[in-house]
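The structure appears right after this line, and notes come after that.
Rule-based calculations on the coordinates, nothing more; no lab input. Note that the coordinates shown come from a computational prediction; the quantities given were computed from them, not determined experimentally. Note that we place each Cβ from the backbone using ideal geometry, even for glycine, and neighbour counts take in every protein chain shown.
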């Protein structure tokens, strides 16, 4: 088993370190042809617009999309979540290219700037049932996105409460507002769809390796 980590920018070193700690071979991926040598892929957190520009420069998007379509496991954290989303809002002028494959709408930098980064306890009963450990995970959110809505084939793994003010200023669709208002103003921060896993937070910055 060889796990590739997209190493254009961001926290790829941290993911490589976790893989090494788990006894799994992790390799940095910067070129399309390197994807042929890995069984699965991690798209790490970082500055999503910068990562997208570098991926476009290296002509990585076609190969990344093909990797996803082949059904190989892909995990996106933070900016990686944005990459995997089919739809994105709250982007910079001109937007950014997406890999897609994950049937969801993500809001880039939903939780604000770098100084508004935070940690929070997340309820993760499904992860605990499958991987063991406590039903709570301490999530590290750094300029984090949030998932506003998901398609019927997407499994929600974790939500987080948000304030009414934050919720009202996030450009949510009417559909998203209705869906979340029933659960007390929450947004989604972790999902799984087939071969795709995505988290708005950074598990690689914690000692909890269940993800």
Subject >> Principal-axis tilt of helix 12-21 within the chain, Cα atoms, nearest 10 degrees >> reply: 70
**OP:** At a temperature of 10 °C and a viscosity of 1.306 mPa s, determine how fast the chain diffuses translationally according to Stokes-Einstein, using the Kirkwood radius over alpha-carbon pairs as Rh; express D in µm²/s, rounded to the nearest whole number.
**Re:** 92
Subject >> Cα long-axis angle, helix 48-57 against the chain (0 to 90 degrees, to the nearest 10) >> reply: 30
Subject >> Percentage relative contact order, the chain, counting C-alpha pairs under 8 Å, at least six apart >> reply: 19
**OP:** Fewest Cβ neighbours within 10 Å first, please rank 20, 53 accordingly.
**Re:** 20, 53
Original post:
With a 10 Å Cβ neighbour count serving as the proxy for reagent exposure, in which order, fewest first, do 78, 104 appear?
Top reply: 104, 78
Original post:
How many nm is it between the label spots at residue 120 and residue 47, if each spot is 7 Å from the Cα in line with the beta carbon?
Top reply: 2.6
**OP:** Please order 110, 118 by the number of other Cβ within 10 Å, starting at the fewest.
**Re:** 118, 110
